[in-house]
């Protein structure tokens, strides 16, 4: 019998709205995506746990126009058209200098900024790993705020960094297209549900 918890368990309908009832979206309606929705989703996702509360994730919001055209140049061939047509694209990156905020984010362990200052490789690996964790939370938060999402790693990350991150030094790991609904006129807007592995296939007891 499952252990009792003081935290309210989400009902099946709510869980379905985040997981089983949702699909990766390739093309969207052209309904405008307000930045306030992206902000609200981030404001929720930022409270989910990552290592030492490091919070290395950084976002570049790219709306249609010249900046979007620049982004499309650095997408893999199969992702160019979908990105060009999306109402909003989000460049997901990590900040190599995430350690500069550790005095504020993790004051329980003093001196972490100095500890990591010369450990550049560690900062890269920790920044990348924890940003992927944060991205998972963020995708669910976007869904919770009513948006459909199309995450992609078929990108020229270095090219995107040259286009958008020369002043910040951020390191791109993914691009996420977002919109309110799948395009009803495109049969490829959402693919049929693919198979998922069962728990018994992916777990072991030791």
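With a/c under 1.5 counting as rounded, go ahead and sort the chain into rounded, prolate or oblate using the C-alpha gyration tensor (a ≥ b ≥ c being the square roots of the eigenvalues; past the cut-off, prolate if a/b is larger than b/c, else oblate). Please list the in-between numbers first.
Values: a/c = 1.79, a/b = 1.10, b/c = 1.64.
Cα axes put the chain in the oblate bin.
Taking 0.36 nm per intervening residue step and subtracting the Cα-Cα distance, what contour gain separates residue 128 from residue 32 on full extension? Don't skip to the end; give the middle numbers.
On the way: separation 96, 0.36 × 96 = 34.56 nm, distance 3.03 nm.
Contour length minus the Cα-Cα distance gives 31.5 nm.
Based on the mean of other Cβ atoms within 10 Å per residue, sort peptides 99-108, 7-16 so the most packed one is first. Walk me through the numbers before you get to the answer.
Details: 99-108: 14.9, 7-16: 9.2.
Averaged packing, sorted descending, gives the order 99-108, 7-16.
Taking the chain as a Gaussian network, where each spring joins two C-alpha atoms under 10 Å apart, which residue of 70, 80, 39 fluctuates the most?
Its mean-square fluctuation being the largest, the pick is 39.
So what is the calculated 222 nm ellipticity per residue for the chain, using -39500 (n - 2.57) for each DSSP H run with n of 4 or more, over all residues, to the nearest 500 deg cm²/dmol?
Working: 9 runs with 81 residues, N = 206.
Calculated at 222 nm, the ellipticity per residue is -11000 deg cm²/dmol.
Take the alpha carbon gyration tensor of the stretch 1-105, find the square roots of its eigenvalues, order them as a ≥ b ≥ c, and report rounded if a/c is under 1.5; if not, report prolate when a/b exceeds b/c, else oblate. If you can, show how the numbers build up before the last one.
Details: a/c = 2.44, a/b = 1.31, b/c = 1.87.
Oblate is the answer for the stretch 1-105, as a/c is 1.5 or above yet b/c matches or exceeds a/b.
Using Cα pairs closer than 8 Å and at least 6 residues apart in sequence, work out the relative contact order for the stretch 51-189, in percent.
Numbers: 210 pairs, mean separation 45.8, N = 139.
Over the stretch 51-189, the number comes to 33 percent.
What number, in percent, do you get for the relative contact order of the stretch 129-199 if the mean sequence gap of Cα pairs under 8 Å and at least 6 apart is divided by its residue count? Spell out each step's value before the answer.
Numbers: 49 pairs, mean separation 20.5, N = 71.
Normalised by residue count, the contact order of the stretch 129-199 is 29 percent.
Would the stretch 95-164 count as rounded, prolate or oblate if I go by the C-alpha gyration tensor, calling it rounded below 1.5 in a/c and otherwise prolate when a/b exceeds b/c, oblate otherwise? Before the final figure, lay out each step's value.
On the way: a/c = 2.98, a/b = 1.49, b/c = 2.00.
Oblate shape, in that a/c is at least 1.5 and b/c is the bigger or equal ratio.
Name the residues of the stretch 51-81 whose amide N is less than 19 Å from a point 7 angstrom out from the Cα of residue 115 along the C-beta direction?
51-57
How many nm is it between the label spots at residue 158 and residue 185, if each spot is 7 Å from the Cα in line with the beta carbon?
That separation, rounded to one decimal, is 4.0 nm.
Values quoted throughout were computed directly from the atomic coordinates according to the rules given, and no laboratory measurement underlies them. Only a predicted model underlies this, so the values are computations on that prediction, with no experimental measurement involved. In this analysis, Cβ positions are derived from the backbone assuming ideal geometry, glycine residues included, and neighbour counts consider all displayed protein chains.
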